[in-house]
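Worksheet for the structure shown next.
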Amino acid sequence: MTEFPKIFAHRGAPTLAPENTIASFAKASEIGARWCECDVGVMADGTLLIIHDDTVDRTTNSSGSWDSWGYGELRRLDAGAWFSPTYRFERIPELADVVSFANSTQTGFNFELKPRAAGRRRDTLIENVEVALRSFVNKDKILISSFDHDLLRAVREAMPEVSLAWLCTPAEVRAGSWREASQIECTAIHPCGQDLTEADVHEMLDAGFDVNVWTVNTLEDARKAAQWGVTGIFTDRVQDFPAEALARA
Ligand code: G3P
Ligand code: MG
């Protein structure tokens, strides 16, 4: 029996392979991770890409905001060489690539939808996510989260059956606004670990939510969170956790 709760490989294994790429998810899976987290954005032509930042500066060989770009530009980017020559030619994946990876490895995924401007782009994001996830075989292994709670509300309308998680900042934990998560039947709260207290965790658990905390990068902090009773931990360092912890599905 492991002392740790469920472990989510945050952006894959980003200290060993370029974050949010198939290589990163594959590395996490190779180490034993059963769940990964990734960030999902929507480009001007509706392409769903897996990237954390609003620009490609940090994680590719190029620069600029990807917001007005589409599939053609996406294919031209190298998302691995910046990390190491081993990963040159690695691409920024589309959501469909991640779904294929998840199906072939039976990996669960937390898809974090990045906030987008209101209006048509938001509708496109939700529609295209819904279509892409139809191919995800094990629906129990999908968790959709966002800091944009209006977006989450719209996802709930479009996808009545999907599991949702309410992401919150330290300020939102303080304000207690996470309680609104019950209105759209979220199964989990995803609080930032910074300033989080044991009492916060107990309140969330007592309200009936899973509590998956991000981003926990030392075993010492992970043990503390586990002792508080959190149900899950997001980490950039899956390689530090024992195999039996990673094996928790
Ligand atoms: O989903 C948990 C965590 O990824 C949220 O923050 O900025 O790392 O996407 P961020
Ligand atoms: Mg994220």
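Step by step: first the residues of segment 201-217, then only those that are among the acidic types (Asp, Glu) and part of a helix (DSSP H, G or I), then the one that is nearest to ligand 1 (Cβ to nearest atom). Which residue is that? Full working, then the answer.
Residues of segment 201-217 that are among the acidic types (Asp, Glu), as a first pass: 203, 206, 210.
This time we only want the ones that are part of a helix (DSSP H, G or I), so: 203, 206.
On the way: Glu203: 20, Asp206: 22 Å.
Selected residue: Glu203.
Within segment 8-21, does at least one residue satisfy the condition of being away from ligand 2 (no atom under 11 Å from the Cβ), part of a strand (DSSP E or B) and not hydrophobic (A, V, I, L, M, F, W, C)? No, segment 8-21 contains no residue that is away from ligand 2 (no atom under 11 Å from the Cβ), part of a strand (DSSP E or B) and not hydrophobic (A, V, I, L, M, F, W, C).
For Glu90, the test of being over 19 Å from Ser29 (Cβ atoms), of a type outside the set (A, V, I, L, M) and either assigned to a loop (DSSP other than H, G, I, E, B) or modelled with pLDDT under 95 (or both) is failed.
For every residue, the table says whether it meets (1) within 18 Å of the chain's Cα centre (by Cα); (2) within 16 Å of ligand 2 (Cβ to nearest atom); (3) over 21 Å from Asp221 (Cβ atoms); (4) not acidic (Asp, Glu).
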{"residue": "Ser177", "(1), (2), (3), (4)": "no, no, yes, yes"}
{"residue": "His190", "(1), (2), (3), (4)": "yes, yes, no, yes"}
{"residue": "Asp195", "(1), (2), (3), (4)": "no, no, no, no"}
{"residue": "Val201", "(1), (2), (3), (4)": "no, no, no, yes"}
{"residue": "Asp206", "(1), (2), (3), (4)": "no, no, yes, no"}
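The single residue among Asp206, Asp123, Asp148, Asp140 that is of a type outside the set (Val, Ile, Thr) and farther than 22 Å from Cys38 by Cα turns out to be Asp206. Against the conditions (1) within 15 Å of ligand 1 (Cβ to nearest atom); (2) farther than 17 Å from Pro242 by Cα, Ile22 satisfies every one except (1). Here Thr235 passes the criteria (1) out of contact with any helix residue (DSSP H, G or I) (no Cβ under 8 Å at 6 or more places or on another chain); (2) within 14 Å of ligand 1 (Cβ to nearest atom) except the one numbered (1).
The values are calculated or read from the model by the stated rules, or taken from the named source; none is laboratory data. This structure is a prediction, so every number in the text was calculated from the model and none was measured. Backbone-built Cβ (ideal geometry, glycine too); neighbour counts: all protein chains shown.
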